[in-house]
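**Q** The following block contains the structure, expressed as structure tokens.
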Number of protein chains: 2
Amino acid sequence: MTTSSGGEPAERTKAAVLEDVAGLAGVSAMTVSRVLNAPEKVRPETRARVLAAVQELGYRPNFAARSLVTGRSGVLGVVSFDTTLYGPASTLYAIERAAREHDYLVNIASLEAMTRRSIAEGVDRLRQQSVDGVIVIVPHESAADGLRDLPPDLPVVDVGGGERLSVPAVAVDHHAGAVRATRHLLELGHDTVHHLSGPANWIDANNRMQGWRHALRGREIPPPLAGDWSANSGYEQGKRLSRDPSVTAVFVANDPMALGLMRAFREAGRRVPEDVSVVGYDDVPEAAHFWPPLTTVRQNFATLGRQAFQLLLNRMVGHDTSERRTVEPELVVRESTSRR
Amino acid sequence: MTTSSGGEPAERTKAAVLEDVAGLAGVSAMTVSRVLNAPEKVRPETRARVLAAVQELGYRPNFAARSLVTGRSGVLGVVSFDTTLYGPASTLYAIERAAREHDYLVNIASLEAMTRRSIAEGVDRLRQQSVDGVIVIVPHESAADGLRDLPPDLPVVDVGGGERLSVPAVAVDHHAGAVRATRHLLELGHDTVHHLSGPANWIDANNRMQGWRHALRGREIPPPLAGDWSANSGYEQGKRLSRDPSVTAVFVANDPMALGLMRAFREAGRRVPEDVSVVGYDDVPEAAHFWPPLTTVRQNFATLGRQAFQLLLNRMVGHDTSERRTVEPELVVRESTSRR
DNA sequence: ACGTTTTATGTTAGCGATAACAGTCTTCGC
DNA sequence: GCGAAGACTGTTATCGCTAACATAAAACGT
């Protein structure tokens, strides 16, 4: 496999390396390296010659070698739970785009479970591949713990992972979002608002529930139900809720569950929004076409992702801010809510 | 935490390297390397000592160094267009899981556009980071071209990228899926079936359209409409279609568009399924809770992703098969279709 | 003109790991 | 009991690149 002593220059057998380019251009390897990394330090003339050689040989720098000597890899990692869910998927996508603009590649590590262990393990997997930094998208209580004892030398940024984090973080202000959703229903004249929450220990679920509670202060607060984010769980809990004739308004913690819930109500003969108003959360692209079109709370995942990347970039160049940024969600009123 | 072995100088300043571990364990670096890569070649006793040293120093192998010498990186790349769409997201997720089981990490490169250029560029981005192989998820006509002139040394597998590909590929048999969907409607007594297709030049869209055409042989084939996969486009085209009273059955190329279309029909006073039957495609998790619950064609993205990874693994160990595997979709009958 | 800076390129020395070969030290056959 | 095979462990020699220093050539000031 090695270039045996053959007197002829080995053709396209092995990928060209720096030395080959240097030879062809009649310069030293170092000069080639400079052309690639700091072109302004090389005379235009030489540069052109080198570039031509690069072109001719189809040379591509060996990433591992460069990484070995510079200590940077140009890759950043994203640890996420279920990249199939709308939120994480959108965030990931935004991160990837932001990263690309800065010439970073993105490595993903999705988690089997959301436990302290598995988060640490995910970060570790990435770290072994020497990523330059990690963004963690784990909207679960366990995130805070999982991030507690990380190697301090690895820049980490969290997305949507709760309050008391030891690292820079970006999050959507779900409390505010929930308050807006709930107030909207109250302002329509409903005496109280029921709540279908997300699964226990999910940060988003908790924050939204707290926001709902907060907005309901001074009123009767009905016991919340919990789903698992799926339309199916919304349907199941919806069937239960639809048996209670006093229910006139429901704030559902995400859109798919709202969809399921509305179906259950409809099947039970309760019209939305005439008999009961429903507000969702997320504003998935389909929400505007649910039946009826869903009033919901829009999260700007693109901004979230971009901000996360920015924060990570800051951390990577040294700024040791433990900054925490917040993205405001927005209520989108459509036709699933109406005056009492 | 760290061992409280006081008095030791220069702790936790630099990450430990092989040599450090070797020193602590009283062996050579090579032996440490062996313990990590071929434990059976080291006496249990020594192995234990080394492992203890690894533990104590919190040693992690330097990926770049290893990669430089072995020529393998343990990373594979996925080139995809829009990882926000249900299909690609699910496929990506499945690939990631399969990869993890085999200790591979996944690098993603999403594309700005689907052109030959941009695909080549995406593969290139990944290649520069020396991925061991690439899976391309680009369900567009341009994929075939984009994959034509790839470096032959890089293992590449395609997912859902059309017929005449120069690389191993996995794909869902959309033709069959569309035939099933269309036949289902015909069997329910509809004279013909209208079609709302995906955007031009998307492989899936074309295949489904062809399947639909095929199933309609010998009958009047109404001119198909085209959307852009979004619920919104389904709504717009639905409005148009709902004005034609002769329409009694529609096969829609994906579920979100079907959702939008059903909304349009409903708003136009045409009941689904009493007046018009609708079949979607994808079976997104929400489809069962649309109103009415959507009859659709289920694609098994998990299988698709797993197979893609398998194929890539084969190619990476040398098997130069240009194998092409097919995954069969399945019709799921729910309540959006009924007898004429 | 001359030393001094500036600019352009070359040299040397690793980065941290593993492959390949080279020793030791056992173990074993007869 | 002694050479040979085997089991472990150690010694180089890279892998491809870039930091840091060294050198040669050009530009500059007075």
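The values are calculated or read from the model by the stated rules, or taken from the named source; none is laboratory data. Keep in mind it's a predicted model, so treat the numbers as computed, not measured. Note that each Cβ is placed from the backbone with ideal geometry, even for glycine, and that neighbours are counted across all protein chains shown. The accessibility values were calculated without ligands, DNA or RNA, using every heavy atom of the protein model including side chains. Shrake-Rupley method; radii C 1.70, N 1.55, O 1.52, S 1.80 Å.
**Q** So how tilted is helix A:231-242 from the main axis of chain A? Cα-based, degrees 0 to 90, rounded to 10.
**A** Taking the Cα atoms of chain A, the angle to A:231-242 is about 10 degrees.
**Q** If I take every Cα pair under 8 Å that is 6 or more residues apart in the stretch A:18-61, average their sequence separation and divide by the length, what percent do I get for the relative contact order? Kindly include the intermediate steps, with their values, before the conclusion.
**A** On the way: 37 pairs, mean separation 18.7, N = 44.
It rounds to 42 percent for the stretch A:18-61.
**Q** Here's something else I'd like to know. For the stretch A:18-61, take the convex hull of the Cα atoms, compute a quarter of its surface area, and give me that in nm², please. Before the final figure, lay out the partial values.
**A** Numbers: hull surface 9.8 nm².
Dividing the Cα hull surface by four gives the mean projection, 2.4 nm².
**Q** Report ³J(HN,Hα) in whole Hz for each residue of the stretch A:32-46, in order, from the Karplus equation J = 6.51 cos²θ - 1.76 cosθ + 1.60 where θ = phi - 60°; Gly and Pro get x.
**A** 4, 4, 5, 3, 7, 10, 8, x, 5, 8, 10, 4, x, 4, 4
**Q** Evaluate peptide B:255-261: per residue, the Cβ atoms of other protein chains within 10 Å of its Cβ; return the mean as an integer. Display every interim value, and only then the final one.
**A** Numbers: counts 1, 4, 2, 1, 7, 4, 1.
Per residue, the average neighbour count from other chains is 3.
**Q** What gaps in nm, shortest first, separate B:Val317 from its twins in the other copies when you place the label 7 Å past Cα toward the beta carbon?
**A** Going from nearest to farthest copy, the values are 4.6 nm.
**Q** Cβ under 15 Å from A:His140's Cβ, A:His140 left aside: what net charge do those residues give with Lys, Arg +1 and Asp, Glu -1?
**A** Within the 15 Å Cβ shell, the charges total -4.
**Q** Return the aspartates and glutamates within reach of A:Lys14: Cα separation strictly under 17 angstrom, same-chain partners fewer than 8 residues apart disregarded; answer none if there are no such residues.
**A** A:Glu56, B:Asp132, B:Asp153
**Q** On average, how many beta carbons from a partner chain sit within 10 Å of the beta carbon of a residue in B:102-110?
**A** Values: counts 0, 1, 0, 10, 5, 7, 12, 5, 7.
That average works out to 5.
**Q** Now for a separate question. Which order do peptides A:179-189, A:137-147 fall in by mean Cβ count within 10 Å, highest first?
**A** So the peptides A:179-189, A:137-147, ranked by packing, come out A:137-147, A:179-189.
**Q** When you look at the Cβ of every residue in B:286-294, what mean number of other chain Cβ atoms sits within 10 Å? Can you show the working numbers first?
**A** On the way: counts 13, 1, 7, 16, 7, 8, 3, 2, 0.
Per residue, the number of nearby Cβ atoms from other chains is 6 on average.
**Q** Could I ask something else about it? Is the C-alpha gyration tensor of the stretch A:174-299 telling us rounded, prolate or oblate? Criteria: a/c under 1.5 is rounded; beyond that, a/b larger than b/c is prolate, otherwise oblate.
**A** Rounded is the answer for the stretch A:174-299, as its axis ratio a/c remains below 1.5.
**Q** Still on this structure, I have one more. What is the gain in length, in nm to one decimal, between A:Arg148 and A:His214 on full extension, counting 0.36 nm per residue of separation less the C-alpha to C-alpha distance?
**A** Working: separation 66, 0.36 × 66 = 23.76 nm, distance 2.92 nm.
Answer, rounded to one decimal: 20.8 nm.
**Q** FRET efficiency for A:Arg72 and A:Val332, Cβ-Cβ distance as r, R0 = 56 Å, nearest 0.05?
**A** So the FRET efficiency works out to roughly 0.85.
**Q** Still on this structure, I have one more. Where in the stretch B:155-178 is the amide nitrogen less than 16 Å from a point lying 7 Å along the Cα-to-Cβ axis of B:Thr303?
**A** B:160, B:170-178
**Q** On to the next question. Counting only DSSP beta bridges with both residues in chain A, what percent are antiparallel, rounded to the nearest 5? Present the calculation step by step, with values, prior to reporting the outcome.
**A** On the way: 4 of 35 bridges.
Around 10 percent antiparallel, to the nearest 5.
**Q** Quick one: buried accessible area between B and A, total over both chains, 1.4 angstrom probe, nearest 100 Å²?
**A** 4700 Å²
**Q** Here is a further query. Can you give the accessible area of B:His102 in Å² (nearest 10), computed on protein heavy atoms with a 1.4 Å probe?
**A** 80 Å²
**Q** Ignoring ligands, DNA and RNA, how do B:Ser67, A:Ser338 rank by accessible area with a 1.4 Å probe, largest first?
**A** Ranking B:Ser67, A:Ser338 by accessible area, largest first, yields A:Ser338, B:Ser67.
**Q** Most fluctuating residue of B:Ala171, B:Ala94, B:Ala29 in a GNM of chain B with Cα springs under 10 Å: which is it?
**A** B:Ala29
**Q** Now a separate question. With a ≥ b ≥ c taken as the square roots of the eigenvalues of the C-alpha gyration tensor of the protein assembly as shown, please select rounded if a/c is under 1.5 and otherwise prolate if a/b is larger than b/c or oblate if it is not?
**A** oblate
**Q** What do you get for the angle between helix B:116-128 and the principal long axis of chain B? Use alpha-carbon atoms, 0 to 90 degrees, nearest ten.
**A** Around 20 degrees separate the two axes.
**Q** Assuming a ≥ b ≥ c are the square roots of the Cα gyration tensor eigenvalues, decide whether the stretch A:227-340 counts as rounded (a/c under 1.5), prolate (otherwise, with a/b larger than b/c) or oblate.
**A** It is prolate, given that a/c is not under 1.5 and a/b is the larger ratio.
**Q** Count the DSSP beta bridges whose two residues both fall in the protein assembly as shown, then state the antiparallel fraction as a percent rounded to the nearest 5.
**A** Working: 11 of 73 bridges.
Beta bridges within the protein assembly as shown, antiparallel portion: roughly 15 percent.
**Q** Expressed as a whole percent, how much of the Cα-Cα distance distribution for the stretch B:39-104 exceeds 18 Å?
**A** So the pairs more than 18 Å apart make up 63 percent of the total in the stretch B:39-104.
**Q** Take each of the peptides A:313-326, B:30-43, average the number of other beta-carbon atoms within 10 Å over its residues, and list them starting from the highest.
**A** B:30-43, A:313-326
**Q** Let me check against my output: what whole-number percent is the relative contact order of chain A, with C-alpha pairs under 8 Å and at least 6 apart?
**A** Over chain A, the number comes to 15 percent.
**Q** Report, in deg cm²/dmol and to the nearest 500, the calculated mean residue ellipticity at 222 nm for chain B, where each DSSP H run with n ≥ 4 adds -39500 (n - 2.57) and the sum is divided by the residue count.
**A** Helix-only estimate at 222 nm: -13000 deg cm²/dmol.
**Q** Would you mind working out the accessible area per residue for chain B, using a 1.4 Å probe, and quoting it in Å²?
**A** 44 Å²
**Q** Provide the net charge surrounding A:Leu126, with neighbours chosen by a C-beta distance below 12 Å and charges set as Lys +1, Arg +1, Asp -1, Glu -1. If you can, show how the numbers build up before the last one.
**A** Numbers: positive: A:Arg125, A:Arg127, B:Arg60, B:Arg100; negative: A:Glu121, A:Asp124, A:Asp132.
Within the 12 Å Cβ shell, the charges total +1.
**Q** Another one. Measure nothing but the geometry: give the 0 to 90° angle between the long axis through the Cα atoms of B:86-101 and the longest principal axis through the Cα atoms of chain B, rounded to 10°.
**A** So the inclination is approximately 30 degrees.
**Q** If you don't mind, there's one more thing I want to ask. Going by amide H atoms built from the backbone, whose H comes under 5 Å of the H on B:His140, apart from near neighbours?
**A** The answer is B:Ile203.
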